[in-house]
1. So A:Arg236 fits all but one of (1) outside any loop (DSSP other than H, G, I, E, B); (2) open to solvent by less than 70 Å² (accessible area, probe 1.4 Å); (3) not acidic (Asp, Glu); what number is the exception?
2. Report, ordered by the first and then the second residue, all pairs with beta carbons closer than 9 Å, sequence separation of six or more or different chains, a first member in the stretch A:262-274 that is over 18 Å from A:Gly16 (Cα atoms), and a second member that is more than 11 Å from DNA strand D (Cβ to nearest atom) and open to solvent by 60 Å² or more (accessible area, probe 1.4 Å).
3. In the list B:Ala163, B:Ala205, B:Ala190, which residue meets the criterion of being open to solvent by less than 50 Å² (accessible area, probe 1.4 Å) and either within 20 Å of B:Tyr65 (Cα to Cα) or at pLDDT below 95 (or both)?
4. Which of the numbered conditions does A:Asp109 fail, given that it passes all the others? Conditions: (1) more than 14 Å from every other protein chain (Cβ to nearest Cβ); (2) open to solvent by 30 Å² or more (accessible area, probe 1.4 Å).
5. Tell me, which residue of the stretch B:274-286 that is in a loop (DSSP other than H, G, I, E, B) and within 14 Å of DNA strand C (Cβ to nearest atom) is most open to solvent (accessible area, probe 1.4 Å)?
6. Looking at (1) outside any helix (DSSP H, G or I); (2) at pLDDT 95 or above; (3) under 24 Å from A:Pro32 (Cβ atoms), which is the one condition that is false for A:Gly263?
7. So which residues in the stretch A:213-239 are within 16 Å of DNA strand D (Cβ to nearest atom) and closer than 30 Å to A:Thr71 by Cα?
8. Residue by residue through the stretch A:61-71, note down the ones that are open to solvent by 20 Å² or more (accessible area, probe 1.4 Å) and facing another protein chain (nearest Cβ under 10 Å).
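The values are calculated or read from the model by the stated rules, or taken from the named source; none is laboratory data. Everything quoted here is computed from the prediction, not taken from an experiment. Please note: Cβ atoms are built from the backbone with ideal geometry, for glycine as well, and neighbour counts cover all protein chains shown. Each accessible area value is taken on the protein alone, full model and side chains, heavy atoms only, with ligands, DNA and RNA left out. Shrake-Rupley method; radii C 1.70, N 1.55, O 1.52, S 1.80 Å.
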2 protein chains.
Amino acid sequence: MDILVGLAAVIVALDGDRPLVRLARSDGTLPPALPFGPLDPVRHRTLDSGLRAWVEEQTGLTLGYVEQLYTFGDKGRDPRERQGGPRVLSIAYLALTRAAEAADRDWHDWYDFFPWEDRRAGRHALLDQVILPGLAQWAAAGGAEGERRRQRIELAFGTGDAAWDGEKVLERYELLYEAALVAEAAPQAALAGRAMRLDHRRILATAIGRLRAKIRYRPVVFELMSEHFTLLQLQRAVEALGGERLHKQNFRRLVEQTGLVEGTGRRESQTGGRPAEQFRFRRDVLLERPAPGVAPRPRRG
Amino acid sequence: MDILVGLAAVIVALDGDRPLVRLARSDGTLPPALPFGPLDPVRHRTLDSGLRAWVEEQTGLTLGYVEQLYTFGDKGRDPRERQGGPRVLSIAYLALTRAAEAADRDWHDWYDFFPWEDRRAGRHALLDQVILPGLAQWAAAGGAEGERRRQRIELAFGTGDAAWDGEKVLERYELLYEAALVAEAAPQAALAGRAMRLDHRRILATAIGRLRAKIRYRPVVFELMSEHFTLLQLQRAVEALGGERLHKQNFRRLVEQTGLVEGTGRRESQTGGRPAEQFRFRRDVLLERPAPGVAPRPRRG
DNA sequence: TCCATTATGCTCATATTTAGCATTATATAT
DNA sequence: ATATATAATGCTAAATATGAGCATAATGGA
């Protein structure tokens, strides 16, 4: 049995307050998929450069920030394996880029695939209407496993003592998968969010979780911002990625005290209110000291 | 050109205050290597289970905590490629286990490979005697790249404004590699730490960095502790992994306020002073709420 | 001119972290 | 026995960080 090694890319961009992910071009008959391509051991000297190369070929995008996410290799990921196809390994990458116009049909709001992950306007209605009841039913049907299932649900969805943790995107998706509430697991049900091909929604979930964790510790949001931005635009970006609203004055204080941005003196007057100062990322900080993130970090208690 | 996919394991255990890593059995003629084995697409249904299976076969160890680290795939990782061998990908895992007796020759103190990473007795002498002078020379020889190199050194080794960051193990190793201060890059020099085969020291560096980050956010140290332990033993464990000394009273408070441990009422009298209470890990917390780590977290400023 | 809207400055209360002092309980040396 | 070294444990003052919200400033449009 052969092994086929591929590279998959979760390419993220922002359009204002919409987090976008780049999809592979498709004829529309199959569910959407992430851009992916085989690893060419001759041409690709490193995995990173291989990824950059075929992403540029396929999409015309030049990637800036690129980070290896995870290697997916479970048997049965690709249904063609069952017809004697090779075992398919995918080395998944997270990439951030500025070059996105939401108008482009290849870019897609990632919350279409994970509506419950967007809590900026409060908990999503789907949670109470479909997801939690469905999960509760699955737990109840679990026999001896039931209690364990209930605990996993509480932890992942923050229903018990625990609070909602934005980083647990994958844990939540996996519960929905096991409970057959997503179309990838049960095509007839198709209850929660839009499906993707193969295990690509799992890969996207991994990427969102990782990115949400990352913005807390490293100044990666700026890879997604244009050169100049107001603090509210920056806040909207962080909120878009994190899926949660932030306190405006505290966000401002947080960002200012990190020293990651500097005012440009320019003003933005399309704010709908008092004009805001435009800021820019101080690229130098990356050379001066380990630079932190601009999203609030979880508390310990 | 073919691709060969292997699994590599960084298996960590603790012997009191010595962090140990499991090495592959060897005839002694080659530099030490990590345990590794090919991925068998027929027998191994998942990458994790494949790893567990051959680690158990090869070493007799049953792994508890296992986490995928990184997939290494640069051309030239394995020198046999140059003689027409296949491109070798290694999916590296971090595994934690209790089962270690330091007496066993297959276990090795990881600081033998990274002496400069152990700062429990202060900065290592090697830093001032060999490493920093060597790096400074490399930067000076860098021409236009020189300034950039100096900044990377400052950031990685905390020589400028920045403080030493225990997590940057890989960054430091890579600088030493580029500056040809490690035997993997310049066999005749062999200045800093003991060498390993192929890029295994890079893999180990990745693992140490990841583990140091992880203990701050998740209660993984307990995977390395025996059932009962005193708070000082726990502190020594965290210090061993982190390579830095901690404030005793504050560590105690930190651990107690997380609710991760509970006293057993038993005492340990081999302390050399007043007997200490023995604690145990409250496994339940993992089911109750997202459990934090027991190492201090970096500050933002 | 008034109002809605956003920007920005500032304060207060509460947590968390750092650094240490002080006291308690053992084992060992004198 | 008594002193001494060593470690465990309790506690606190000061510095920082975080959460929540009040107040004022500057716009455009009704």
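1. Failed condition: (2).
2. Going by the 9 Å Cβ cut-off, the qualifying pairs are A:Glu262/A:Arg280; A:Gly263/A:Arg280; A:Thr264/A:Arg280.
3. B:Ala205
4. Of everything listed in (1) more than 14 Å from every other protein chain (Cβ to nearest Cβ); (2) open to solvent by 30 Å² or more (accessible area, probe 1.4 Å), A:Asp109 misses just condition (2).
5. B:Arg274
6. The number of the failed condition is (3).
7. Once the filter is applied, which keeps residues that are within 16 Å of DNA strand D (Cβ to nearest atom) and closer than 30 Å to A:Thr71 by Cα, the stretch A:213-239 yields A:Ala213, A:Ile215, A:Arg216, A:Tyr217, A:Arg218, A:Pro219, A:Val238, A:Glu239.
8. The answer is A:Tyr70, and nothing else.
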